[in-house]
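Here's the structure we're looking at; comments come further down.
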Amino acid sequence: MIADIEALAASALSRIASAENLDQMEVVRVEVLGRKGTLADFGKLMGKLSAEDRVSAGKALNGAKTSLEAAFEIKKAAFENVALTERLKSEWFDPTIPPQGILPGSLHPLTQIQNEIESLFFSMGFTILDGPEVETEFYNFDALNIPADHPARDMQDTFWLEGGYLLRTHTSPVQVRGMQRLGPPLRMIAPGRVFRNEEVDPSHEHTFYQLEGMMVDRNVSIANLLYFMKTLLSGIFKRDVTVRLRPGFFPFVEPGFELDIQCMVCGGVGCPVCKQSGWVELLPCGLVHPNVLRAGGINPDEFGGFAFGLGLTRLVMMRYLIDDIRWLQSGDLRFLKQF
Ligand code: DAH
């Protein structure tokens, strides 16, 4: 029996030695060292031996087991080492290499200007509202006194969706939602994204940002409108600005205006930026049309208001002298890093 055990151990050792991978070794291990393996079978035969023989056979069996286990562990460690070396060739991490430096993000210039304007109006008692980008024809047009045959409703200008929905073409619908929600008197602004079916070029985008403003109260006049607009503009440009109103037509205001600021490049003398006129057109505004107040559930005999629409995208372009609107949505880090 001792000779059998030694023969088995010798053949198992040579099989381990010639194994080419861990799987092949495992086969040998289960076959010889396993619970139902050949060494275990010898163990079962021990009981049939004489006491003397059992001692010497037991020694041989334990010796075979110990040397096989050792051979197995050594070879296994060698295979694992090779595998690790292979892995480290392609996949490694050196915790001692110094970091490349933190690259912090920054706020988009549109977000920066929006934040500034929001805190300015917030400090003057205005509520900041949000409205849906997918609007109904009612809020985007009808409630704003825009007639059914108005060219703005055209397929060429508006992205129409199914079921009478559309992508809002301006932030003005939030005026109506704001009146319905807040009731008079109210002060609100609504910054947001708007959409037009435009051919994209350096000064036109299908998606851009506006900021709508509205104040409704008793006895609101053009003087109130002018006061808030001057406060807004000197806040943005960080200096006193001279403004003027020109008549402008928008169905939702009566009277309606274009507000111009005196050119800040030449101080009003005339230069290429203001096309020699001394003035730069900045924002449309006016006194809220009675029909719009009514659509918002407000009695126009008791309350009046002003409204304005600020082109946030345009304002950012003016402030930073950006000559192509497409930069703003490009996501280009070379552009964004400058702010
Ligand atoms: N909603 C207009 C547009 O996108 C801008 C506008 C004009 C807004 C006059 C107003 C306003 O509130 O009074 O072209």
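Selection of the stretch 40-53 for residues being open to solvent by 40 Å² or more (accessible area, probe 1.4 Å) and farther than 10 Å from Ile2 by Cα yields Asp41, Lys44, Leu45, Gly47, Lys48, Leu49, Ser50, Ala51, Glu52. Looking only at residues in the stretch 162-197 that are within 13 Å of the ligand (Cβ to nearest atom) and among the basic types (Lys, Arg), which one is surrounded by the most Cβ atoms within 10 Å (Cβ to Cβ)? Checking each candidate, the answer is Arg168.
Residue-wise test of (1) modelled with pLDDT under 95; (2) open to solvent by less than 10 Å² (accessible area, probe 1.4 Å); (3) of a type in the set (A, V, I, L, M).
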residue: Lys275; (1), (2), (3): yes, no, no
residue: Trp279; (1), (2), (3): yes, no, no
residue: His289; (1), (2), (3): no, no, no
residue: Leu293; (1), (2), (3): no, yes, yes
residue: Asn299; (1), (2), (3): no, no, no
residue: Glu302; (1), (2), (3): no, no, no
residue: Gly309; (1), (2), (3): no, no, no
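Taking (1) at pLDDT 95 or above; (2) surrounded by fewer than 19 Cβ atoms within 10 Å (Cβ to Cβ) in turn, Lys238 satisfies each apart from (1). Taken as a whole, the condition of being loosely packed, with under 12 Cβ neighbours inside 10 Å, under 60 Å from the mean Cα position of the chain (by Cα) and modelled with pLDDT under 90 does not apply to Glu26.
Residues of the stretch 160-195 that are in a loop (DSSP other than H, G, I, E, B) and within 16 Å of Leu312 (Cα to Cα): Arg168, Thr169, His170, Thr171, Ser172.
Can Asp157 be described as in the same structural domain as Val292 (by TED's automatic domain parsing), open to solvent by 40 Å² or more (accessible area, probe 1.4 Å), assigned to a loop (DSSP other than H, G, I, E, B) and more than 14 Å from the ligand (Cβ to nearest atom)? For Asp157, the condition - in the same structural domain as Val292 (by TED's automatic domain parsing), open to solvent by 40 Å² or more (accessible area, probe 1.4 Å), assigned to a loop (DSSP other than H, G, I, E, B) and more than 14 Å from the ligand (Cβ to nearest atom) - is not met. Against the numbered list (1) within 10 Å of the ligand (Cβ to nearest atom); (2) without any contact (Cβ under 8 Å) to a residue 40 or more places away in the chain, Val253 comes up short only at (2).
Can you find even one residue in the stretch 268-291 that is more than 12 Å from the ligand (Cβ to nearest atom), touching a Pro at 6+ places or on another chain (Cβ under 6 Å) and over 17 Å from Ser172 (Cβ atoms)? No, every residue in the stretch 268-291 fails to be more than 12 Å from the ligand (Cβ to nearest atom), touching a Pro at 6+ places or on another chain (Cβ under 6 Å) and over 17 Å from Ser172 (Cβ atoms). Entry remark, the stretch 207-265: residues being part of a loop (DSSP other than H, G, I, E, B) and among the polar types (S, T, N, Q) number 3 in total. Of the listed requirements (1) within 13 Å of the ligand (Cβ to nearest atom); (2) in contact with a helix residue (DSSP H, G or I) (Cβ under 8 Å, 6 or more places away or on another chain), Ile298 misses just one: (1).
Looking across Glu212, Glu205, one residue alone is away from the ligand (no atom under 13 Å from the Cβ), charged (D, E, K, R) and under 24 Å from the mean Cα position of the chain (by Cα). It is Glu205.
The values are calculated or read from the model by the stated rules, or taken from the named source; none is laboratory data. Quick caveat, the model's predicted, so the values are computed rather than measured. Because the Cβ atoms are built from the backbone with ideal geometry, glycine has one as well, and the counts that use them run over all protein chains shown. Heads up: the accessible areas ignore ligands, DNA and RNA and are worked out on the full protein's heavy atoms, side chains in. Shrake-Rupley method; radii C 1.70, N 1.55, O 1.52, S 1.80 Å.
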